[in-house]
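Reading through the structure tokens given below for one structure.
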Amino acid sequence: LGATRNLRRALSSLRSPTELDVQHFASIVGDGNVLTSPTDLEPYNTDWMRKYVGNSKLALRPGSTAEVSRVLAHCHAERIGVVPQGGNTGLVGGSVPVADEVVLSLGRMDRVLSVDEDSGHLVCEAGCVLEALQAHVAARGHTMPLDLGAKGSCQIGGNIATNAGGLRFLRYGSLHGSVLGLEAVLADGTVLDGLTALRKNNTGYDVKQLFIGSEGTLGVVTACALALPRAPSSVHLALLGADSYAALLRTFGVARRRLAEVLSAAEFLDRASLELACEKLDGVRDPLPGRPCAQYMLVEVSGSDAGHDEAKLSAFVDEAMESGDVVDGTIAQDGAQSAALWRLREGITEALGRTGRVYKYDVSLPLAQLYDLVEETRARMAPHGALVSGFGHLGDGNLHLNVCTPGAFDADAAVAAAIEPWVFEYIAERRGSISAEHGVGVMKPHVLHLSKRPPVIGVMHALKRLLDPHGILNPGKVLPPPPEDERPWRSAS
Ligand code: FAD
Ligand code: MLT
Ligand code: ZN
């Protein structure tokens, strides 16, 4: 109910595009980049999970920042809603319209503008696909500071707009650190050219940070400058099995202590996740078939000295096995074996999607309590015949809790009611985050208050009013309805 009220309010001052608007947009982006047929629009209206479906009659594919600026200036003047869209791999419904907003798809803006191999940075347009960027910089001895399972489709602009985390967060940190400069277009068409690649630049407020993680609600990211780490010359990967989450956690402690500077990823998956991936994905097999385990951890080391890194990994695995916490394990012997282990981990999302309707929760909690939520959810969902899978970025305290109804792909109100709002309240009681890395989108504005205090939400509203006064950018996303009092923190007692 709260979500519906939010959408109605967000859309109330906006109008639908008319034929005249379409002609105007065509004069900006060219006829071939204006999509109006229902068949062409279907993928722009439907999210990756096929859970959120919009009703846009118009998608635009601008080819330059100037075109984005002119499109937005018109939408601002005419009060037309706009949904910026990258690769459309988002998992919270942020990238598709809630009604008939115009979809602004950045995919044509996919040029790499420069790579500086000395200082290690990349300047590129927002529509570059992450995997293509990785190939481009790898050929020059560098690596992208982020990696995620959606790399084949997601775009760097979408990654920045969601502040994507992923598999290398543990090593390279957040995009709030890796983005050196940004070009963004405000709702009224103003271009903010902050495309500097300077490492140090303390000249007052760091405005670009506002756009990182703002999910297209404050501006459209059109280009970026990113810090590039050198590609490690040696990478080694192990998969370890344990009989309990407590044993897995102790093993992670040993990994942090023994692997220290070469530790580059620490991911985990439970038995349910492993079984799903093996059952639903072609070519994925249980890497430890002799000994089913309750929990698995992928530990990757990367560095510049293969002998040293490999010796550290072996010594860590030996210690973990001798302690009895790790009961089985394997170290990948070549690139193909590593790729197979990563395919198992990265494919869980796809495997879940093939199994049934997925209720997806992306949670930060204190590490010691992370898996309790999976166990409590499993007990709670047993009467509904739902399958519960837990996996995620162990090294970042980020759990992906997934509830899935095998064979049933439609939403089930009873299942949803058994999970929400319980799950969000559970997280709030433990001072966790209701969204560790996927964002808020259209899925979670009504529970934002469980992770952010009212004065902070008040400042978010003030920023929205400042940068997008008519609320044309991604209406109904991220923000809950504005409070009656425009400055709630002033009146707070
Ligand atoms: P979209 O889905 O198109 O858009 C996402 C949001 O950003 C929307 O609100 C949209 O309006 C906005 N947006 C997009 N482009 C722009 C732009 N240029 N300017 C302004 N706003 C924009 N996420 C993680 O954090 N970590 C993971 O490990 C991870 N793994 C995933 C694995 C799979 C298999 C899948 C399907 C998704 C995964 N995701 C993950 C979620 C998703 O891929 C990321 O959120 C990704 O960053 C979205 O990029 P995109 O280009 O697809 O953006
Ligand atoms: C992942 O880490 O695999 C992603 O965030 C996708 C997901 O949570 O399903
Ligand atoms: Zn993730």
For the chain, the spread of Cα positions along each principal axis, largest first, Å: 71, 58, 52
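Based on other C-beta atoms within 10 Å, arrange Asp318, Asp270 from fewest to most.
Numbers: Asp318 12, Asp270 23.
If I rank by nearby Cβ atoms, fewest first, I get Asp318, Asp270.
Based only on other Cβ atoms within 10 Å, what is the fewest-to-most ordering of Thr65, Thr162? Show your work: numbers first, answer last.
On the way: Thr65 20, Thr162 28.
The fewest-first ordering by Cβ neighbours comes to Thr65, Thr162.
Between Asn55 and Glu322, take the C-beta separation as r, use R0 = 35 Å, and let me know the FRET efficiency to the nearest 0.05.
Details: r = 60 Å, r/R0 = 1.71.
Given R0 = 35 Å and the Cβ-Cβ separation, E is 0.05.
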Using θ = phi - 60° and Karplus 6.51 cos²θ - 1.76 cosθ + 1.60, couplings along the range 195-210 (whole Hz; Gly, Pro as x): 7, 7, 10, 5, 6, 10, 7, 8, 10, x, 4, 8, 4, 4, 4, 4
Net charge contributed by nearby residues that have their C-beta within less than 15 Å of Glu131 (K/R +1, D/E -1): 0
FRET efficiency, 1/(1 + (r/R0)^6) with R0 60 Å, evaluated for Ala26 and Ala311 via beta carbons: 0.45
Mean residue ellipticity (222 nm) of the chain, computed from DSSP H runs ≥ 4 via -39,500 (n - 2.57), nearest 500: -10000 deg cm²/dmol
Proxy reagent accessibility, fewest Cβ within 10 Å first, across Ser304, Ser69: Ser304, Ser69
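Taking every DSSP beta bridge that has both residues in the range 1-131, what percent is antiparallel when rounded to the nearest 5? Before the final figure, lay out each step's value.
Details: 7 of 14 bridges.
Taking every DSSP beta bridge within the range 1-131, about 50 percent pair in antiparallel fashion.
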Amide N of the range 229-266 lying under 13 Å from the label point, which is placed 7 angstrom from the Cα of Gln337 along Cα→Cβ: 236-240
Among beta bridges that DSSP assigns inside the chain, antiparallel share in %, nearest 5: 90 percent
Bridge type composition, the range 66-183 - antiparallel percent by DSSP, nearest 5: 55 percent
For the range 247-323 versus the range 207-245, the gap between their alpha-carbon centres in whole angstrom: 21 Å
Pairs from Lys57/Lys452; Lys151/Lys477; Lys360/Lys477; Lys280/Lys444 whose Cα-Cα separation, in the structure shown, is over 26 Å: Lys57/Lys452; Lys280/Lys444
All lysines inside 27 Å of Lys200 as judged from Cα atoms, apart from same-chain residues fewer than 8 positions distant: Lys208
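Taken together, the values in this text are just the output of simple stated rules run on the coordinates, not laboratory data. What you are looking at is a predicted structure, and each value in this text was computed from that prediction instead of being measured. Cβ coordinates were reconstructed from backbone atoms using ideal geometry, including for glycine residues, and neighbour counts include every protein chain displayed.
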